[in-house]
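The values are calculated or read from the model by the stated rules, or taken from the named source; none is laboratory data. Note that this is a predicted model, so its numbers are computed, not measured. Cβ sites come from the backbone with ideal geometry, for glycine too, and all protein chains shown count toward neighbours.
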Amino acid sequence: MNHTWLFSRRFSLAEVGALCLLVAAVASMTSLLPQTPEASAEIGTAQQLGEKGATLWRQLQQRYGTRNSRNAEEWVVRDYFQDKRGGVFLDVGAADAREWNNTYFLETALSWSGLAIDAQPVFAPQYAQLRPRTRFFSLFVSDTSDAVETFYVPANGPLGATSNSDFARRDEGPVEVRSVRTITLNDLLAREGIARLDFLSMDIELSEPRALAGFDIEKYRPALVCIEAHPEVRQQLIDYFHHHDYVVIGKYLGVDAQNLYFGPV
């Protein structure tokens, strides 16, 4: 079967559901994935994908080398923008300033600037020390501002923190319950004087639909969106972007099992 069409064009949102099923089916066919001992650790997520996804993963790795992002996010952003300099990002659910971060390289190597938002204030000192071009805010992004949100932080690490109690307790470990002030992206962007966006990264553990409800994507029209797409909210995300004339970028569909990448029509 010729898979070239899958990775060489953008897709309408009507096609995404079928494509996700296709990727899931191919992901089970691990015998299709060429592997080398030195690449086995780096291709962690690619082992779940099809032959084309694994090939693209290795191509990006060869071209861009090590990465700060957890998966292929940094490579995809660099590839999409062709290492454009001086862009503007919005990183929602930014977490650590450097480790497993989607925008660290953009700022430190390509002179991008922007806003980073995370409900956990523990990350603020890292941004102050390492990210002078980033304004960090410890807030919960939602569809309303100036409310209080209950936030759950698993004891085994802050990266699984969420406003969904069941999601936070999926590993059956202890969970710390906190209260966090909310803000909409529209209010924060207006307050900080951001008039345009090149890249939107969003990873907030099932709260993505609520965050998008408070974001005027028609006004800011980011050129690329990287958004985590858990099965529980995936259809809501697909519907949102379809409504606003964004399409899934087919080239990257198989290289990252955690996220979907959208661009405007």
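Every residue, every condition in (1) out of contact with any helix residue (DSSP H, G or I) (no Cβ under 7 Å at 6 or more places or on another chain); (2) aromatic (Phe, Trp, Tyr); (3) closer than 19 Å to Ile117 by Cα, yes or no:
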{"site": "Arg170", "(1), (2), (3)": "yes, no, no"}
{"site": "Glu192", "(1), (2), (3)": "yes, no, yes"}
{"site": "Ile204", "(1), (2), (3)": "no, no, yes"}
{"site": "Asp216", "(1), (2), (3)": "no, no, yes"}
{"site": "Pro231", "(1), (2), (3)": "yes, no, no"}
{"site": "Leu237", "(1), (2), (3)": "no, no, no"}
{"site": "Val248", "(1), (2), (3)": "no, no, no"}
{"site": "Val265", "(1), (2), (3)": "yes, no, no"}
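Is it the case that some residue within region 164-181 is within 16 Å of the chain's Cα centre (by Cα) and surrounded by 21 or more Cβ atoms within 10 Å (Cβ to Cβ)?
The initial filter retains those residues of region 164-181 that are within 16 Å of the chain's Cα centre (by Cα), namely none.
Within region 164-181, not a single residue is within 16 Å of the chain's Cα centre (by Cα) and surrounded by 21 or more Cβ atoms within 10 Å (Cβ to Cβ).
Applying the condition of being at pLDDT 80 or above and of a type in the set (D, E, K, R) to region 136-168 and asking which residue is farthest from Ala124 (Cα to Cα) yields Asp143.
Results for (1) closer than 23 Å to Ser163 by Cα; (2) surrounded by fewer than 21 Cβ atoms within 10 Å (Cβ to Cβ); (3) more than 19 Å from the chain's Cα centre (by Cα), shown as yes or no for each residue.
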site	(1), (2), (3)
Phe81	no, yes, no
Arg85	no, yes, yes
Leu90	yes, no, no
Asp96	yes, yes, no
Asn101	yes, no, no
Ser113	no, yes, no
Ile117	yes, no, no
Ala124	yes, yes, yes
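Within region 111-122, the residues that satisfy the criterion of being more than 19 Å from Glu208 (Cβ to Cβ) and either among the basic types (Lys, Arg) or out of contact with any helix residue (DSSP H, G or I) (no Cβ under 8 Å at 6 or more places or on another chain) (or both) are Ser111, Pro121. Of all the residues in region 203-237, those that are within 17 Å of Asp143 (Cβ to Cβ) and assigned to a loop (DSSP other than H, G, I, E, B) number 7. Listed conditions (1) of a type in the set (Gly, Ala, Ser); (2) part of a strand (DSSP E or B); (3) farther than 17 Å from Asp79 by Cα are all met by Gly263, apart from (3).
Against the definition (closer than 27 Å to Arg98 by Cβ, touching a Gly at 6+ places or on another chain (Cβ under 9 Å) and without any contact (Cβ under 8 Å) to a residue 12 or more places away in the chain), how does Arg170 come out, yes or no?
Details: closer than 27 Å to Arg98 by Cβ: yes; touching a Gly at 6+ places or on another chain (Cβ under 9 Å): yes; without any contact (Cβ under 8 Å) to a residue 12 or more places away in the chain: yes.
In short, yes.
Annotation note: of Asp96, Asp143, the sole residue that is in contact with a helix residue (DSSP H, G or I) (Cβ under 7 Å, 6 or more places away or on another chain) and under 15 Å from Ser201 (Cβ atoms) is Asp96.
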